[in-house]
1. Hey, can you tell me all the residues within region 133-161 that are over 17 Å from the mean Cα position of the chain (by Cα), among the charged types (D, E, K, R) and under 26 Å from Ser27 (Cβ atoms)?
2. Any residue in region 583-595 that is assigned to a loop (DSSP other than H, G, I, E, B) and charged (D, E, K, R)?
3. Yes or no: Leu464 more than 23 Å from Val559 (Cα to Cα), assigned to a helix (DSSP H, G or I) and without any contact (Cβ under 8 Å) to a residue 40 or more places away in the chain?
4. Based on this model, can you work out whether Ile590 counts as at pLDDT below 90 and of a type in the set (A, V, I, L, M, F, W, C)?
5. If a residue must be within 21 Å of Ser642 (Cα to Cα) and either among the aliphatic types (A, V, I, L, M) or assigned to a helix (DSSP H, G or I) (or both), how many such residues does region 573-582 contain?
6. Sort out which residues of region 598-651 are among the hydrophobic types (A, V, I, L, M, F, W, C) and exposed (fewer than 15 other Cβ atoms within 10 Å of the Cβ), and write them in order of number.
7. If I filter region 66-101 down to residues being of a type in the set (Gly, Ala, Ser) and in a helix (DSSP H, G or I), which single residue comes out as farthest from Ser27 (Cα to Cα)?
8. Looking at the structure I just gave you, is Glu430 among the acidic types (Asp, Glu), open to solvent by 40 Å² or more (accessible area, probe 1.4 Å) and either part of a helix (DSSP H, G or I) or farther than 25 Å from Phe627 by Cα (or both)?
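The values are calculated or read from the model by the stated rules, or taken from the named source; none is laboratory data. Keep in mind that this is a model prediction, so the values were computed, not measured. Note: ideal-geometry Cβ built from the backbone for every residue, glycine included; neighbour counts use all protein chains shown. Just so you know, the surface numbers come from the protein's heavy atoms only, side chains and all, with ligands and any DNA or RNA stripped out. Shrake-Rupley method; radii C 1.70, N 1.55, O 1.52, S 1.80 Å.
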Amino acid sequence: MFRSLKINVLGRFQAQWDDGEAVDIPSKKALALLTYLAVERGPQSREVLANLLWGDTGDDRARHNLRQALSKIRHCCDALIVAVGDDLALDSSCDSDVARFEELAGSDDPAELRECLDLYRGELLEGLNPREPEYADWLMVARTRLRDTACRVADRLGRALAESGRVDDAIDAFRDLLAIDSAHEPAHRALMSLYAKAGRRSEALRQFQACGEALQRELGVAPGARTREVYEGLCKERQDAAADAPRPVSDSAVTQVASPPAIAVLPFENLSSSEQAYFADGMTEDLITALSCFHSLVVIARGSSYAFRNSELTDQAIARKLGAQYLVRGSVQREGKRVRINVQLLDAEAGLQVWGHRYDREMQDVFLLQDEITSTLVSTLAGRVEAARLAWARKAPPERLAAHDLLLRGKDHHHRFTPEDCEKCIDLFERAIEQDPDYAVAYAWLGCGLGQAMVFELDDIPALIDRSQSAVEKGLSLDENDSECHRILAQVSLERGNLKRALQHQERALFLNPNDDRIINAMGEVLVFAGRPEEAEQWVRKSMRLNPYHPVRYRTHLVRALFHQGRFEESLDVLDSIDKQRRDDLTYKIAALRQSGESDAADKTALQLRDEFPEFDPVSFVEELPFQNEEDRETLLEPVESVIRKTTHRD
């Protein structure tokens, strides 16, 4: 009997026959391949597919791996993928949710738009983050495109339902939109009006408050004039209950905390034809959005920055009008297949250029290139602004420093990683909290400093863990969407051996700030312990690309990810790049040398470890690491314990 297959790639991947029988796709690469064919539709070149998923293995090996993946798919799904000459495509009998989603997205029928929106169960291939750069780039662009489509569908559906008088259904549609994009201001505004129309004025007023919180959290801006106008109209209609209404978010909400530096990204200059202006504007807008994720910065809203496009005012005058200390200027020029992007970070108050760089790239996929450069730029800019501010804070006497500058001084000592600096950083973080008891990120860094104190055993370890957790949870009570608090609480959870909670907080931190190299790197650390070293390697390498001057611990985490994939020689290559190897590095080095058959070198490293850490006990050390899988623990413990025991007996 003929059966057809249905695959769902929006949200978690699912595949099942039309009779309801589920299909277990054998590997992540096979899932990735099927998803690509489902989204792109139509025949795809074998060469493109091989390079997309195995491009780093060489052409012959990539082709071989593609054939193996096809064989696995066909083994469980019959002729799901068919050959069209040298190209491959999904069989016409295979149905996919993404094809139906994109078909329905062009409809004007509210019923079909609702069906379309219901198909969007989450982002494309949710939960799968392949480490292959080509595929990862494609997936990121495809996810963004489909997410934007879902938002547009929800907006059109909500408006169509509202026009036809189906107020409750329209409210559901706009709620769905906000579930996808919580900072979609027109959706908040539409909900306020719909709630008022339905006589639910208290909910309308609360929606304004929710709008202000979402915009501040996601974009660092306050609601616009049109939204405030709707809110003020609602307040006038309910003057008898004005005392119960939420207070509007002030235009000055962005500047309530005076300490963090303000930065404005001015529209990038388009040096190419007018048809290319979209690329320069897209680069500017992406930078504004991504920089807004950093709580260490106040980012001037797009509308304010764009008011100074082609302005003849000096940088200092523009900065004064915008209330910004730092300006970002840039230009974009396309010549044939190449694009050149120049960017400058300016300290307008001092009249200095803090940093500048030029990107010269081959133009293949314009949107992939834009995303790549934006990710690199935003991480670099945030770090450069903090470094410039710290240079000033180091010179000023502590009693003259604001809470943010005390925090920067504390972070400076924290990064030096000595017992003395650890004590100083804790003191400075506590002083920052004394100055501003509502400064959520200061509690996060206090928790981080107390975590470092555990390494140096400056106090009773359980007591330090308790103090660290208490500090970070206080920070979260002040701002549940502070990415630093979630990042540090993930580390506290690791210390307690609670991997599930660590992963939850780590994923939340990554969602709140996807461009922070520390958060990206920590994701790799957590995933190693969760038994997912392949994914861990991807995250760690990404953090190292975003921050070429990364701390040494990034390489330590890469060593772990490689080691637990059985790639011992590669882990040794990374270890060789670490000048001052710490206890964890030496432990993994012993294990990797032993697994690689280099017994003499392993013995020599074991003696070094014992000299530097006389109390080192391999069993206690490995048992305290929060591995989810016992086999990962044994992979490390067995070689280390064997070498340590042998060298101890030899003495």
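1. Glu134, Arg145
2. No: zero hits.
3. Details: more than 23 Å from Val559 (Cα to Cα): yes; assigned to a helix (DSSP H, G or I): yes; without any contact (Cβ under 8 Å) to a residue 40 or more places away in the chain: yes.
Judged against the criteria, Leu464 is a match.
4. No, not satisfied.
5. The number of residues fulfilling the criteria is 1.
6. Phe613, Val619 - these are the residues of region 598-651 that are among the hydrophobic types (A, V, I, L, M, F, W, C) and exposed (fewer than 15 other Cβ atoms within 10 Å of the Cβ).
7. Ala99
8. For Glu430, the condition - among the acidic types (Asp, Glu), open to solvent by 40 Å² or more (accessible area, probe 1.4 Å) and either part of a helix (DSSP H, G or I) or farther than 25 Å from Phe627 by Cα (or both) - is met.
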